[in-house]
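Q: Dropping a structure here in structure tokens format, bear with me for questions.
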Amino acid sequence: MDETSSPMTQLSSVYILDEEGNEISCAELFPAEFFHALTAHMRITPDDDALQDLKAGHEQAVSAYMSSKRDLANKTTLRQDNKHLESIAYHADKLVELLAGLCSHPPAKERLSAEIVANPTAFTGRKGVSLSLLLDMDREHTLFTIQQLISDLWASAKRAQIKPRPDPVWRGSLLSEHPEHYKLALLSHAALEPSLVHEDTQRTYRKKSEPIIAFITAFAGTWRRHCDLTYGAGMHLRESGGTKSVAVDAVHLSINRLDAKIKRSQIVTAFRKWSESEPEISQI
């Protein structure tokens, strides 16, 4: 390893991780023929060094795309998990209220306690613990311990819910305190961790655009180092209803190998949303 490379750079230049975390060879996904087509879209004829830099930047963008897709899948699972845990917490809270309300209905409390003791199909745990052993026969509220344990279940279900990661704290403070450094910080942060640049709890664009935007963000610097053509959505064509943009064509060429269902129009939308959400990067 030379002084200018890092373990992360070397790994990403050989493999990327798919949505399931499996390693995929970039050389298989993007062979030499692909880069001939990509450089044709970019209207460039790079020498060997420039081509290697282009490949490294492209692989970083591909890695950002796959990382964002995994993040989306994880967030979907997280939302489902949180919904289930919240349901447990909700019903546990209601049961605690109902058990507490039994204090106002002594006959009902006594009958319920008696049936817990007499239950012929009562479950007994490995340590001999059963529901009847949890009754507080020396208390006026015989179900007090059971009520408290269910209250603990409510609290645990609440704590078990994982909240989405907030926007990086450096963004707001850096923009307000050192605006002249903000652009450089955004570019640097995007290169190191592209998925965090668009980690925004108040997103308004569709989630399907996020992986594409992650690719666009990560590839921006590489594009501008090698190509003088505009890196954006392009001009609207009234006749066809589409846009004219070599950047869109190049990004679509790349992402189409990762997900053939992605349409060119989705790339255009992602470029526009990227320009709106990160004008500091898109306009440099």
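The values are calculated or read from the model by the stated rules, or taken from the named source; none is laboratory data. Note that the coordinates shown come from a computational prediction; the quantities given were computed from them, not determined experimentally. As a convention, Cβ positions derive from the backbone with ideal geometry for all residues, glycine included, and neighbour counts pool all protein chains shown. Only protein heavy atoms, including side chains, enter the accessible area calculation; ligands, DNA and RNA are left aside. Shrake-Rupley method; radii C 1.70, N 1.55, O 1.52, S 1.80 Å.
Q: Please report, as a whole percent, how much of the solvent-accessible surface of segment 11-131 comes from carbon and sulfur atoms (probe radius 1.4 Å).
A: Ligands and nucleic acids excluded, carbon and sulfur give 56 percent.
Q: Taking the full set of protein chains and a 1.4 angstrom probe, give the accessible area of Lys83 in square angstrom, rounded to the nearest 10.
A: For Lys83, the solvent-accessible surface is approximately 150 Å².
Q: Would you grab the residues whose amide H sits under 5 Å from the one on Ser130? Only those 5+ places off in sequence or on another chain, please, with H modelled 1.01 Å from N.
A: Gly125
Q: Would you list which lysines come within 28 Å of Lys244, measuring only between C-alpha atoms, while excluding same-chain residues fewer than 8 positions from it?
A: Within the straight-line cut-off, Lys244 pairs with Lys55, Lys69, Lys183, Lys207, Lys208, Lys261, Lys263, Lys273.
Q: Output wanted: per-residue J couplings in Hz (rounded whole) for segment 89-106, from phi through Karplus 6.51 cos²θ - 1.76 cosθ + 1.60, θ = phi - 60°, x for Gly and Pro.
A: For segment 89-106, the Karplus curve yields 4, 4, 6, 5, 4, 5, 5, 4, 4, 5, 5, 5, x, 5, 4, 8, 9, x Hz.
Q: If ligands, DNA and RNA are left out, what is the accessible area of Thr45 with a 1.4 Å probe, given in Å² to the nearest 10?
A: 140 Å²
Q: If amide hydrogens are placed 1.01 Å from N in the peptide plane, which non-local residues have theirs closer than 5 Å to the one on Thr243?
A: Leu237
Q: Put one equal scatterer on each alpha carbon of segment 12-130, apply the Debye formula with no solvent term, and list log10 I(q)/I(0) at q = 0.09, 0.11, 0.21, 0.23 1/Å to two decimals.
A: -0.56, -0.64, -1.17, -1.25
Q: Excluding Val246 itself, calculate the net charge of residues whose Cβ lies under 14 Å from the Cβ of Val246, where each Lys or Arg counts +1 and each Asp or Glu counts -1. It would help to have the intermediate numbers written out before the result.
A: Details: positive: Arg43, Arg224, Lys244, Arg264; negative: Asp228, Asp249.
Neighbour charge sum, excluding Val246 itself: +2.
Q: Convex hull over the Cα atoms of segment 62-135, averaged projected area in nm²? Intermediate values should be presented prior to the final figure.
A: On the way: hull surface 32.4 nm².
About 8.1 nm², averaged over all directions.
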